[in-house]
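Novice: Once you've had a glance at the structure underneath, I'll fire off some questions.
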Amino acid sequence: MNENIKRILTASLIIISVLSAGIAAYAYTIQPENVEEKTVQISTLKGKLIHSAILSNQSIYGSEVSREYYPAEMTESFLGRYLFTTTTEKTGSYVFTIDTSYYIQDGKNRIEMWNETKFYQSGKYENSASINFTINPSELRSDLERVKEGTGVSRMQQDIRINFRASDESGVFQHSVSLIKKSELYRFSDTEKTEQITENIRNVKQNYLTGMEIQDARVIYATLTFSALIPAAILNRDYFQNIRAKRMESNSYMVSGRKTGNKVVVESLEDLKKVFQLTDSPILKAEEKNETVYSIEANGLTYEFRN
C-alpha cells in the first residue's frame with residue numbers, strides 16, 4: 001500500500017478511536033435516565049355537621065337557633081344534617097350512626113358499662129351523601145337514668161357520638177363528632193373533617209447521546225474505540241516489527257558496566273558473554289580472594305566480571 005495512503009488511513013483511524021474513547025468516557029458520566037416523582041392531589045373528601053336547636057324559651061334566641069353553644073335547660077331538640085362531599089366522581093357506601101356509651105371514670109381509667117345505638121342509616125352515595133337526624137336531650141337524660149337504675153351505678157356518665165364512615169375502592173373516610181354537655185351548655189366537637197387523597201406519579205425520562213440511549217452509546221463508542229485501533233495496528237504491523245527488531249538488536253549489543261582506566265567492570269556474566277560474541281576473544285576464569293573472576297582482553301581493554 002502506498003505510504004501516503006497508509007499514513008492518512010492510520011491518522012483517520014486514530015482520530016476516530018480517540019474521539020470514540022472521549023465520547024464513551026463522557027457517556028459514563030451521564031445517568032441513563034432521569035426520574036422525576038411528584039405528588040398529585042386526586043380528590044378531596046369532606047364531612048361536615050350542620051346543626052341547630054329548638055329552644056323552649058323564645059324570649060332571647062327565638063324558637064330555633066344555630067350556635068356553637070346551646071343552653072342545656074332550654075334545648076328541647078337538636079336538628080342535624082350531616083353532609084359528605086367529594087371533589088371527584090366517586091361511588092361507594094356509607095354508614096351513619098348515633099352511638100351512646102355509658103361509663104364510669106375511675107381515675108384515668110374509663111370503664112364502659114353499656115353501649116347502644118340511637119340512630120342508624122346506611123346506603124350508597126354518588127359524589128355526596130346527606131343524612132338528617134334529630135337528637136332529643138330529654139330522651140338522653142331518660143336513657144341515662146334507665147341505665148343507672150339497670151346497673152345500680154349512680155356515678156354513671158353518658159357519651160354521645162355521631163359517627164360517619166364512607167368507603168370506596170380507594171379507601172375509607174371516617175368522621176366522629178361528640179355531643180358534649182359541660183357547665184350547663186351543649187356543644188358539638190370536631191364538626192368538620194377534610195382528607196386529601198393523593199397519588200405519587202413517577203416519570204422516567206431516558207437520556208440520549210448522539211441520538212442513542214446512554215447504555216447503547218456506552219457500548220457502541222467503547223467498541224468503536226478498539227475497532228478503529230485494530231486496523232490501524234494491522235496497517236502498521238511492519239513498522240512495529242521493525243521497531244521491535246531494532247530494539248532487540250540494540251539490546252544484543254548493549255553491555256552494562258563501568259569503566260575505570262583500561263578496565264571495564266560489567267554487571268553480569270551475560271554482559272561478558274556479549275563482549276565475547278562481539279570480540280571473539282576467550283573468557284579467562286581465575287580464582288582470586290574467594291572470588292571467581294571472569295575476564296576478556298580485547299582492543300586494549302580488560303572486560304571483567306566478579307562473582
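The values are calculated or read from the model by the stated rules, or taken from the named source; none is laboratory data. All values reported here derive from a predicted model rather than from experimental measurement. Note: ideal-geometry Cβ built from the backbone for every residue, glycine included; neighbour counts use all protein chains shown. Ligands, DNA and RNA are stripped out before the accessible areas are found, and what is left, the full protein with its side chains, is counted by its heavy atoms. Shrake-Rupley method; radii C 1.70, N 1.55, O 1.52, S 1.80 Å.
Novice: Can you tell me the orientation of helix 137-151 relative to the chain, as the angle in degrees between its alpha-carbon axis and the longest Cα principal axis, to the nearest 10?
Specialist: Its long axis makes an angle of about 80 degrees.
Novice: Note the angle between two axes, namely the Cα long axis of helix 237-253 and the longest principal axis of the Cα atoms of the chain, as a number of degrees from 0 to 90, rounded to the nearest 10.
Specialist: With rounding to tens, the tilt is 60 degrees.
Novice: Could you list the GluC sites (Glu not before Pro) in the range 1-92 that lie in coil according to DSSP, counting only those with at most 11 other Cβ atoms within 10 Å of their Cβ?
Specialist: When the GluC sites (Glu not before Pro) of the range 1-92 are filtered for loop state and at most 11 Cβ neighbours within 10 Å, 68, 89 remain.
Novice: Okay, moving on. Any aspartates and glutamates with Cα under 19 Å of the residue 285 Cα? List them, leaving off those in the same chain fewer than 8 positions away.
Specialist: 267, 270, 271, 297, 304
Novice: Using a Gaussian network model on the chain with a 10 Å cutoff between Cα atoms, which of 273, 38, 90 fluctuates the most?
Specialist: Highest fluctuation among the options: 273.
Novice: Where the accessible area of the chain is counted over protein heavy atoms with a 1.4 Å probe, how much of it, in %, is carbon and sulfur?
Specialist: Whole-percent figure for carbon plus sulfur exposure: 49.
Novice: Which value at 222 nm does the chain reach when only helices count, each DSSP H run of 4 or more adding -39,500 (n - 2.57), with the total divided by all residues and rounded to the nearest 500 deg cm²/dmol?
Specialist: -10000 deg cm²/dmol
Novice: Count neighbours as other Cβ atoms within 10 Å of each site's Cβ, and list the GluC sites (Glu not before Pro) in the range 101-205 that are DSSP loop with at most 12 such neighbours.
Specialist: 169, 184
Novice: What's the angle, to the nearest 10 degrees (0 to 90), between helix 214-235's Cα axis and the longest principal axis of the chain?
Specialist: Result, in degrees: 10.
Novice: Still on this model: Using DSSP to call loops (not H, G, I, E or B), can you name the chymotrypsin sites (Phe, Trp or Tyr not before Pro) in the range 76-132 whose Cβ has at most 16 other Cβ atoms within 10 angstrom?
Specialist: none
Novice: Report, by chain and number, residues whose modeled amide H sits under 5 Å from the one on residue 87, excluding near sequence neighbours (fewer than 5 apart, same chain).
Specialist: 44
Novice: A follow-up question, please. Which one, [x] 2.62; [y] 1.47; [z] 1.03, gives Cα Rg over 2.2 N^0.38 Å as derived from the coordinates shown?
Specialist: [x]
Novice: Could you check the simple spin-label distance between residue 206 and residue 114, using points 7 Å along Cα→Cβ, in nm with one decimal?
Specialist: 7.2 nm
Novice: Something else now. What accessible area per residue comes out for the range 1-134, rounded to a whole number of Å², with a 1.4 Å probe?
Specialist: It amounts to 62 Å² per residue over the range 1-134.
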